[in-house]
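Engineer: Please see the structure below; I have some questions.
Rule-based calculations on the coordinates, nothing more; no lab input. From a predicted model like this one, the values you see are computed outputs, not experimental measurements. Note: ideal-geometry Cβ built from the backbone for every residue, glycine included; neighbour counts use all protein chains shown.
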Ligand code: GRF
């Protein structure tokens, strides 16, 4: 798989740790990012994983950037792209060519977008959480694979709540990606099931 990150890369690091076990069934062939200078990309380099950078500002518009990102991913011929804290919207060039999953720090379809934890707090929900879903051409709108709930505590602020979400998010990501790799998956409309069948959409 190719893992895409934009920041600290703690989810990527959890996947790298899990992938050390051959029984986990996943090989991380490259880590890509939209920006230089983040801790996550340094961690990947230190681990000796191939990395690539496709800086958003180096392209005339979103479509050109999206095409460049799709081409760089394709060089590694991954079976799956994992957007694990990647903070840009991947467009049709990527989504139309690569199977990709994304993690999101809220219980979708509530609170899509870049400020999910802040938005959940502002709305006053008592339970939020994390979602892993396949990417489609919308924003955080693709078929849901798994979700885990996290209670909001009185006095929570954005960073404290986000850290608690990330603890369960890393576990969910590692579990789900391992199962996708080992068992395959079937997407039937909005419904995702583990396991291979003979339908057209199965992998
Ligand atoms: C995660 O909570 C992810 O859901 C969100 O950004 C965070 C990334 O954290 N989109 P990290 O870079 O993996 O530490």
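Engineer: Among 12, 69, what is the fewest-to-most ranking by other Cβ atoms within 10 Å?
Structural biologist: On the way: 12 28, 69 25.
Listing 12, 69 from fewest to most nearby Cβ atoms yields 69, 12.
Engineer: Can you grab the distance from the C-alpha centre of the stretch 12-44 to the C-alpha centre of the stretch 148-200, Å, no decimals?
Structural biologist: Spelled out, the Cα-based centre of one part sits 17 Å from the other.
Engineer: Ok, one more. Contact order normalised by length for the chain, with contacts defined as Cα pairs under 8 Å and 6 or more residues apart; what percent is it?
Structural biologist: Working: 380 pairs, mean separation 35.1, N = 203.
Averaging sequence separation for qualifying contacts and normalising by length gives 17 percent for the chain.
Engineer: Among DSSP beta bridges whose residues both lie in the stretch 2-194, state the antiparallel percentage, nearest 5. Don't skip to the end; give the middle numbers.
Structural biologist: Values: 15 of 29 bridges.
Looking only at bridges with both residues in the stretch 2-194, the antiparallel portion is about 50 percent.
Engineer: Would the stretch 30-85 count as rounded, prolate or oblate if I go by the C-alpha gyration tensor, calling it rounded below 1.5 in a/c and otherwise prolate when a/b exceeds b/c, oblate otherwise?
Structural biologist: Values: a/c = 2.19, a/b = 1.30, b/c = 1.68.
Since a/c reaches 1.5 but b/c is at least a/b, the shape of the stretch 30-85 is classed as oblate.
Engineer: Just to verify a number: FRET efficiency for residue 29 and residue 154, C-beta to C-beta distance, R0 = 35 Å, to 0.05? Could you put the intermediate results ahead of the total?
Structural biologist: Details: r = 44 Å, r/R0 = 1.27.
With R0 = 35 Å, the Cβ-Cβ based efficiency is 0.20.
Engineer: Which percent of the Cα-Cα distances in the chain go past 32 Å?
Structural biologist: Numbers: 2637 of 20503 pairs.
Beyond 32 Å sits 13 percent of the P(r) for the chain.
Engineer: If you don't mind, there's one more thing I want to ask. Could you work out [θ]222 nm for the chain from helices alone, using -39500 (n - 2.57) per DSSP H run of at least four and dividing by all its residues? Round to the nearest 500 deg cm²/dmol.
Structural biologist: Working: 6 runs with 69 residues, N = 203.
Helix contribution divided over all residues of the chain: -10500 deg cm²/dmol.
Engineer: Provide 15, 4 in ascending order of the number of other Cβ atoms located within 10 Å of each residue's Cβ, fewest first.
Structural biologist: On the way: 15 22, 4 27.
If I rank by nearby Cβ atoms, fewest first, I get 15, 4.
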